[in-house]
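Undergrad: Okay, here's the structure, questions in a sec.
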Amino acid sequence: MSVFTTVTPSEAESWLKRYTVGKLVELKGIASGIENTNYFLTTSHGRYVLTLFEILHHDELPYFLDLMDHLARHGVPCPQPVADLDNALLATLNDKPASIVSCLTGCSLDAPGVAHCAQVGEVLADIHLAGKTYPQQRDNPRGTAWWKAAAQQLAPVLDSAAATLLADEIRFQALHRLQDLPRGVIHADLFRDNVLFDGERLSGVIDFYFACHDAWLYDVAITVNDWCVLPDGSLDSERTLALLRAYHAVRPFTQIERGAWPVMLRAAALRFWVSRLFDLHFPRPGEMTHAKDPGHFGRILQQRIAAQSALQRLWV
């Protein structure tokens, strides 16, 4: 959510005439994140988030905006897209696709506890179940094919240890794609900075722009790898079990998911290690950028490989 495309207050004021959200009061860039340009947009009617999409194209975006609208109507606490006077959820601003969504209350957590992780597990299961009736489908753009292509570009800039780890893990994952796992809509990026808490209550889930159709267990693994991780990359068993049990109470896990659990934790670590390596070595220009440390997920991947047998027992 860095600012790659600058929007001036006068440009925003002119653009907002297509909406009935009131007059512009304040426009403030959001520095965190790496994919899109985001601003906090305060008007005389309230507070919103303005997003300019830097990578996704107009024809791709209805999937995400319609999904947020679908989930919000099913009670999931997520941003509600705002329609313009033509009843469209998507517009153009400064030659970029753009949208406005409601701004949720609360803030993200740096150090979640057991109770926080349980709430995250519950809302993730709610997203998966509510998504079962969502009619659109989108393949995961950061799946196996992307891993392989990114690895080829990264190979010349990595040291030998990292290059070997990357090649070995891609080979391992190619043998364990587990197509029989239960599938549907996944968030695919449910990190701590994408969940808001108002006090001790989970108040919102944001940033659905990696959402796609994939294994639900993969989404759980992505979430656990961030919410339940210790400084050395290993998992905190108490937080992990709290998240898994809360999820299981809403959408029970299957026996095949238990068998796939350690593999999915490795796949989730690989996906974000590769993306952070790519962002570090092949950055895009931006006014405010926030590149995240790839070493963090490199350590997590190594921990998941070393602890594969123990992770099989870390289950509901």
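Undergrad: Which percent, nearest 5, of DSSP beta bridges in the chain are antiparallel?
TA: Looking only at bridges with both residues in the chain, the antiparallel portion is about 95 percent.
Undergrad: Can you give me the % of accessible surface on the chain that is carbon or sulfur? Probe 1.4 Å, all protein chains present, nothing else counted.
TA: Of the solvent-accessible surface of the chain, carbon and sulfur hold 53 percent.
Undergrad: Helix 237-250 sits at what angle to the longest principal axis of the chain, using alpha carbons and giving 0 to 90 degrees rounded to 10?
TA: With both axes taken from Cα atoms, the answer is about 70 degrees.
Undergrad: Using a 10 Å cut-off on Cβ atoms, rank the peptides 113-119, 17-23, 195-201 from the highest mean neighbour count down.
TA: By packing density, highest mean first, the sequence is 113-119, 195-201, 17-23.
Undergrad: If you take every residue apart from Asn140 with its C-beta less than 14 Å away from the C-beta of Asn140, what net charge results, scoring Lys and Arg +1 and Asp and Glu -1?
TA: +1
Undergrad: Pick from Leu190, Leu50, Leu154 the residue whose mean-square fluctuation is largest in a GNM of the chain, springs joining Cα atoms under 10 Å.
TA: Leu154
Undergrad: If you fit an axis through the alpha-carbon atoms of helix 61-73 and take the longest principal axis of the Cα set of the chain, what angle between them do you get, 0 to 90°, nearest 10?
TA: Rounded to the nearest ten degrees, it is 90.
Undergrad: Could you tally the net charge around Val274, taking each other residue with its Cβ under 11 Å from the Cβ of Val274, Lys/Arg +1 and Asp/Glu -1?
TA: That sum, taken over residues with Cβ under 11 Å, equals +2.
Undergrad: Separation between the Leu280 and Asp198 pseudo-spin-labels, each 7 Å from Cα along Cα→Cβ, expressed in nm?
TA: Between Leu280 and Asp198, the simple spin-label model gives 3.8 nm.
Undergrad: Tell me the mean residue ellipticity at 222 nm calculated for the chain from its helices only (DSSP H runs of n ≥ 4, each -39500 (n - 2.57), averaged over every residue, nearest 500).
TA: Helix contribution divided over all residues of the chain: -13500 deg cm²/dmol.
Undergrad: Residue farthest toward the positive end of the dipole of the chain, with Cβ of Lys/Arg at +1 and Asp/Glu at -1: which of His176, Ala72, Thr37?
TA: Selected residue: His176.
Undergrad: Place a label point 7 angstrom from the Cα of Asp180 along the Cα-to-Cβ direction, then list the residues of segment 222-254 whose backbone nitrogen is under 19 Å away.
TA: 252-254
Undergrad: In terms of Cα to Cα distance under 30 Å, which lysines are near enough to Lys96, apart from those fewer than 8 places away along the same chain?
TA: Partners within reach: Lys17, Lys23, Lys28, Lys148, Lys292.
Undergrad: Once the piece of chain linking Gln153 and Tyr19 is laid out straight, how much longer is it, given 0.36 nm per residue of separation minus the C-alpha distance between them?
TA: 44.0 nm
Undergrad: Where the centroid of each part is defined by its Cα atoms, how far is segment 159-197 from segment 2-65 in Å?
TA: 30 Å
Undergrad: In whole percent, what relative contact order does the chain give with Cα contacts below 8 Å and a gap of six or more residues?
TA: 19 percent
Undergrad: Let me ask you something else. With a sphere of radius 13 Å drawn around the Cβ of Leu202, what net charge do the other residues whose Cβ falls strictly inside it have (Lys, Arg +1; Asp, Glu -1)?
TA: Result for the neighbourhood of Leu202: -2.
Undergrad: Something else about it: Could you tell me which of Gly131, Leu165, Leu104 has its Cα farthest along the dipole of the chain towards the positive end, charges placed at Cβ (Lys, Arg +1; Asp, Glu -1), taken about the Cα centre?
TA: Value computed over the given set: Leu165.
Undergrad: Would you mind working out the magnitude of the charge dipole of the chain relative to its Cα centre, with +1 at each Lys and Arg C-beta and -1 at each Asp and Glu C-beta, to the nearest 20 Debye?
TA: 600 debye
Undergrad: Would you give the gap between the C-alpha center of segment 245-277 and the C-alpha center of segment 108-130, rounded to a whole Å?
TA: 15 Å
The values are calculated or read from the model by the stated rules, or taken from the named source; none is laboratory data. Quick caveat, the model's predicted, so the values are computed rather than measured. A quick note on method: Cβ atoms are made from the backbone with ideal geometry, for glycine too, and the neighbour counts reach across all protein chains shown. Just so you know, the surface numbers come from the protein's heavy atoms only, side chains and all, with ligands and any DNA or RNA stripped out. Shrake-Rupley method; radii C 1.70, N 1.55, O 1.52, S 1.80 Å.
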